[in-house]
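Every read-out reported here was derived from the displayed coordinates using simple, explicitly stated rules and does not represent laboratory data. Computed from a predicted model, the values in this text were never measured in an experiment. Counting neighbours? That spans all protein chains shown, and the Cβs are built from the backbone with ideal geometry, glycine included.
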Amino acid sequence: MHGMRYLRWLSAGVTAVTLALLPAKASAQQKAEAGYAGSAACQDCHKEFFEPFAKTGMGQAIMAKPTSEHAKKGCESCHGPAKSHAESGGEDKSTLISYRRTSKTPVAARNATCLACHEKTARTLWVGSAHESRNVACTDCHVVMHDKTEKGSLRQKSVLATCGNCHKEKAASMGKYAHMPLGEGKMECISCHAPHGSANEKLLIGSSVNETCFSCHAEKRGPFMWEHMPVTESCANCHDSHGSNKQRMLKQALPRLCQQCHNTPHGQPAARPSDAPSVRFAYNKGCVNCHSVIHGSNHPTGIFFTR
Amino acid sequence: MRQMSFATACVLAGVLAVAVPATSQAQAKKTTGTFTAAAEIGARAFTTEPADIDKGKLEEYRSLPAGPLLERARLQYTPADGYGTYQLTLRRLGALDQSMWLQASRPGLYNFNVRYDRIPHLYSSTGRSPGNEGAAALGFNTLPSPRPDSTAWKNAPYIGNIRTIWTPIKATLDYAFSEAADFQANFTTIGKKGGLPKSISFNGSGGPQREYVSPIDETVNNFRVAQSYASGPRTKANFLGDILKSYQGTVALEYSKYNNAITEVMVDNPALSTAAWATTMASSTIWGTNTARVSVAPSNSASTMSFVGAVLLPFRTRVTGSLNTSVQEQNDAYLPQFNNSAMLAAPNVALTALQRPSLQGKVKLTTVNVSATSHPIARLTLGAKYRNHSYSNQTPPDSTLNWARSDRQIDATQQNTEWDPFTKVNTDVSAAYELARNASVAVGYAVEDFTREPGVFAVDGTREKIPRVSLDYSGLSWLSLHSSYTTSQRRFWGHYTESAIEVSGNRKFFMANRDRTRTNVMATITPVDQVSVGLSFQTGDDKYPESRFGMQSDKSTTTGVDIDWTPVSRLSLSAGYARENVDNVTLYRYRAVSTVSSPLFDNPLFYFSSTNKDANTTTFASVNAVLIPDKLTVKATVSVIDGTFHLLNSNYNGSPDGAAAQGATAAQILTAKAEDWPEVSSKLTPVTLAVQYAANANWGFTFRYNSETYTNHNWQQEAPQFTSTGLLGGPAATTWTGNLPGNIGAACTTVGNATCATGQYHFLGNNYNPYKAGWLTFTVSWHPSALPHELGRSTF
């Protein structure tokens, strides 16, 4: 059976390589090696864009003091060669790169223009990332012609609002009973996630869920003398970091959360909270009333996380 | 002190900014550059102010004091060449949630940022205690001696807000040596000070148990440097010819140090003021320590190195690889096993000596990623990913020959440390095809292998197979659509011999066999330019088909709609609605004993199911109307954020409730009878109405009214009044009487301690009381266009 599986993999690989060696069509950009008109020509008709753009960081980098050959093309460094467009009185748009949602320029080509300058650091892993593979355009989240946000040239007023434009359920979760302080402006989605691509799961900034959480909650990092296995594996086993209507962003109410794994005699009476002996199990923090160092203990008697 | 110094520097800079004469701040261009200052000051007054005890949720992460306020301020320097940004920004200066940041940047060359924040984390405002809670310097939580009785606990004064203030400072420098090389350095320090409600049981689950204020004095320091290189399009021919189109790489080093200035917390036993111990240990509260020692998180560190590289090959083939390796260490001195002076007389006390003075803890994390994407034909994208993440605990084994159980008893059993190393391997292949302009369909297949060595519980590892399909379309001017469907199967493997007292078939939810589906549809419809409608629909369905007990199913549905309407340029309206429903079902069995031969051990009459029903609804509406262009604007928002959960419990074996199972007494049957939990709900309704008037370019005025109504019903945080606890007399009649007052449960016996008349369970609440608050804020803005953007839920 294993041999068959590897054969299938091999055939798929051969097919992929064969496909890769097929000649690709000339790209639109290759066809568009037409002449450049220069930014002054653009200003003749598109004057209203110049002043707000000049105030932006990108406007300064392109229009005021371009530091690269690419940037020295001014407007055309992003919008493509515009000579034929200018000479046709604006009629010929075949060589232009447009960033409107309904643009005829494929998303990948639009993004490639941005990456020509912004491929370093955070964007190194853009290609192949979750957002890139779903045809998300840079301009779906960013606007560059005027400053709308404090930083990041975002399309919405905040990172949360920008991400929430698509991830509505996550944005709504921030209003739940237990949440992190995103709504208060003290955190952002990018405190944990790398939207431009990450080698890690869920576009996290850390190599795992835990490594991401530890950047602020380093007290949970350990290693401890007594480990709690689900904690070691993933904080997300018990917590919903986007918000929960249970205390401490737990996925389940206590003690049910613990009882999913611990079907022990002394943990079960909470079936009936009106039973007085259930107080210690059902009320306040449930199991954690006694097992207070549930994330791990370095106390020699802490094997059951009570010390 | 460091944070104070920084704050002082920022304040001085801000004062300097405001003190610069207005005439010199006008944006007249000078050869030496231009300073621009802006500030917003004003005052806040409550129309309806909640009592301090009720402000818990209102000020959970923020501060809303009445009185004068400096809401926002900025000093900005624009160089003579107009190139670059240099600014100091202040927000809510002097408040518990103040923030300041400094930015200096020259686009394309460097970007330097320092940001200072304070973030309150308020946990409870309803706690009472007759003792001295959280004397932070020593970490002692002391009670009077003799111990207070029940009445004293009930009538004890409120502790006040129990909260921790986080003070993060983050400094970032990005410097571009050249078009190809970038350097980045980050330093983050987070100070955490204050208190946190924590619990301790002195003798075991039977009590006494007490929630106390754990003092917090912690610092997290993270330092990271990274160097990136991007070749850009390569044009020179070399031995790789045209194959290597471009390449990028990043090397990063990171060091993280967590320091806890407090190594332990001493907590007084509410039942005993004198340590007691006897050769024959009865399960009673009369034996044990008068003061217990609790560990707090030990200081630790982590060193991480990472390499990321990417190459662009023909056919837009991009291959990316990364290696991340991290070592985490912890070596704080062990605490003594127990704190019961009377227990020193125990015969086996010598065997409680520890094997070594500290853990010498060391964990190694390694993550390897390789991914590739290619476009063999213009419309086709092929992708493949591989990821290996391993957690290896390399701490030398340790053990205690005898161990102290809750400062009351020495168990003559050896306890050995156990580590839980694991490896998670993810592989993924995908193909996406562009059907038409801005319309693509993608399929993918992923496998996740999770291996634990040695296996834990009944599982050595799991394999999850995850096929998926997605469709993305934005080809029409009025429609943008993203949709995806994922289905997966997770199966465990491994040989495991369960012990006699373990529950057969109780699979842990995170490693049980699971069948999962996820559906996600998201659309943006723009029928006319003035209207935009966003729709989202998501479902999740998890089934645990072979788990006899534990999680059985978990279903969720989320629907959302947003509407933006701009009928005229001066008026914009928005409204939205999102609703999430979650239903999950778990099965349990009640075990009154752990004795295998007992008829109570596995009695189906005692089985019960628990169905958790969550319902979360968020509704909002806002309006922004420009009544006089460039002069008068009115803004209003209202939101209703409603969340509930309800646990419905029932014995599911079909037997009539209350019927006696074989071998069980009526009392035992009654104890095992499942009943529904009361519903838990919370509802927040924030309303904001603001009028903004711009007198001219230099002056603006804002008059804002905020109101918030918060309701909260959580029986777990409220005190039950048991009018009957007799199990033989039928179900206990229970009423809820308000916040947990610090006294629940039967009083302990007075044997061995004359003052042992206190209850066995004492809580600080961990609760947020309902509140209704209204406040007015009037601010004057100077150079409003230069102010930082408003942020946070008390503003727009």
Where the Cα pairs of segment A:137-187 fall when distances are cut into 5 Å bins, in %: 5, 21, 26, 22, 15, 8, 3, 1
Nearest-0.05 FRET efficiency for A:ARG155 and B:ALA181, computed from C-beta distance (R0 22 Å): 0.15
FRET efficiency, 1/(1 + (r/R0)^6) with R0 25 Å, evaluated for B:ASN155 and B:THR685 via beta carbons: 0.15
Label point distance in nm, B:THR566-B:ILE628, each placed 7 Å from Cα along Cα→Cβ: 2.4
Student exercise, segment A:59-214 dipole from Lys, Arg, Asp, Glu Cβ charges, in Debye to nearest 20: 220
Computed FRET value (nearest 0.05) for B:SER399 with B:ASN698, which takes r as the C-beta separation and R₀ as 60 Å: 0.25
Those residues of segment B:297-313 whose amide nitrogen sits under 16 Å from the label point placed on B:LEU173, 7 Å along Cα→Cβ: none
Peptide A:133-141, shielding by other chains (average Cβ, 10 Å cutoff): 4
Chymotrypsin sites (Phe, Trp or Tyr not before Pro) restricted to DSSP loop in segment B:91-196 with at most 15 other C-beta within 10 Å: B:PHE177
Dimensionless Rg over Rh [segment B:48-112; C-alpha; Kirkwood]: 1.22
Estimated dipole of segment A:35-149 in Debye, rounded to 20 [Cβ of Lys and Arg +1, of Asp and Glu -1, Cα centre]: 280
Contour excess over end-to-end distance, with Cα ends at B:ILE262 and B:ASN581 and 0.36 nm allotted per residue: 110.6 nm
Candidate lysines - alpha carbon under 20 Å from B:LYS170, same-chain residues fewer than 8 apart omitted: A:LYS151, A:LYS186, B:LYS192, B:LYS193, B:LYS257
Cα gyration tensor, segment B:255-380 - rounded (a/c under 1.5), prolate or oblate: prolate
Translational diffusion of segment B:180-250, µm² s⁻¹ [Kirkwood Rh, Cα pairs; Stokes-Einstein; 25 °C; 0.890 mPa s]: 138
Spacing of the two label points (7 Å from each Cα toward its C-beta) at B:LYS772 and B:ALA333, in nm: 5.7
Segment A:35-149, relative contact order in percent, only Cα pairs under 8 angstrom and at least six apart counted: 28
In Å, descending, principal axis extents of the Cα set of segment B:295-355: 79, 18, 13
Charge context of B:GLY444, other residues only, Cβ under 12 angstrom, K/R +1, D/E -1: +3
Convex hull volume of segment A:41-171 per residue (C-alpha atoms, cubic angstrom): 123
Prolate/oblate/rounded label for segment A:175-252 (Cα gyration tensor, a/c 1.5): oblate
Space enclosed by the convex hull of the alpha-carbon atoms of segment B:30-178, per residue, Å³: 159
Inter-probe distance in nm under a simple model that places probes 7 Å from Cα toward Cβ, at B:LEU479 and B:VAL441: 1.5
